[in-house]
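To start, the structure itself, in structure tokens.
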Amino acid sequence: MSAIAGNVIELLGELPPGVRLVAAAKMRSPEEVLEAVEAGVEIIGENYVQEAERACQVVGDRVQWHFIGHLQRNKVKRAVRIFDVIETVDSAVVAEEINRRCRELDKVMTVLIEVNSGREKQKSGVYPEAVEELVRDISALECISVKGLMTMGPRVGDPEDARPCFIETRKVFERLKELGLPGVTMEYLSMGMTNSYRVAIEEGANIVRVGSRIFGDRDA
Ligand SMILES: *Cc1c(COP(=O)(O)O)cnc(C)c1O
């Protein structure tokens, strides 16, 4: 069995029921992605549209494709063809472009709002206190369905440092759920990476996005 297959099987065995695994595939070859899929991965996370297109040619639509990178407006047209979920919506401008391009395809895109829970200036995502306003602004777009939140938090260091970010995101998630805005459901809470997925699950994540723990270190 390949190392990738072994990692996938181990990880899937470790996740509690109801927690979905997104295999974060940036910088991996389509063959590596295929190995993960053959070992049981059902959702691939891609940061780059072009990489996703290449992997998709090999793996096909037996899996779901989630966009987890920073989406530039000029890539939206290609992104909406491939992806089933866009996890990183953080502005009305991008949401409106997704809506426009999906309308052309007669498709409704599931989107998550990316929360900048660490309040880092250089990071994408909206600040926790601004999420509700953005959701209200885009909830009426007919080809978008807001179904949850995504956050990064710190990628390295002590996993405990990520906990406050996850707690804060969970709070926003629960509040929006209570609000029950029309056209908005809070089904998915995507938090946690290799370093922090255990903490994220403790704080309510039902999607974890794991790269290196499956594919090995990217720098190696
Ligand atoms: C790379 C990446 C991950 C996975 O990170 P690892 O530390 O390799 O597990 C998760 N989410 C996003 C948005 C990423 O870009």
For Arg170: the one exception among (1) touching a helix residue (DSSP H, G or I) at 6+ places or on another chain (Cβ under 9 Å); (2) more than 15 Å from Leu134 (Cα to Cα): (1)
Extreme residue, most open to solvent (accessible area, probe 1.4 Å), among residues of region 33-78 that are touching a Leu at 6+ places or on another chain (Cβ under 6 Å) and outside any loop (DSSP other than H, G, I, E, B): Val58
Any hit, region 122-132, residues being more than 26 Å from Cys165 (Cβ to Cβ) and touching a helix residue (DSSP H, G or I) at 6+ places or on another chain (Cβ under 6 Å): no
Residue that is nearest to Leu134 (Cα to Cα), among those in region 181-199 that are open to solvent by less than 20 Å² (accessible area, probe 1.4 Å) and among the polar types (S, T, N, Q): Ser190
Sole exception among (1) loosely packed, with under 15 Cβ neighbours inside 10 Å; (2) in contact (Cβ under 8 Å) with a residue 24 or more places away in the chain; (3) not basic (Lys, Arg) for Asp158, by number: (2)
Residue check, Asn116 crowded, with 20+ Cβ neighbours inside 10 Å and more than 28 Å from Gly18 (Cα to Cα): no
Condition broken by Lys26, with the remaining ones in (1) in contact with a strand residue (DSSP E or B) (Cβ under 8 Å, 6 or more places away or on another chain); (2) open to solvent by 30 Å² or more (accessible area, probe 1.4 Å); (3) part of a helix (DSSP H, G or I); (4) within 13 Å of the ligand (Cβ to nearest atom) satisfied: (3)
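The values are calculated or read from the model by the stated rules, or taken from the named source; none is laboratory data. Since we're looking at a predicted model, the values are computed, not measured. Note that we place each Cβ from the backbone using ideal geometry, even for glycine, and neighbour counts take in every protein chain shown. Please note that ligands, DNA and RNA were not included when accessible areas were found on the heavy atoms of the full protein model with its side chains. Shrake-Rupley method; radii C 1.70, N 1.55, O 1.52, S 1.80 Å.
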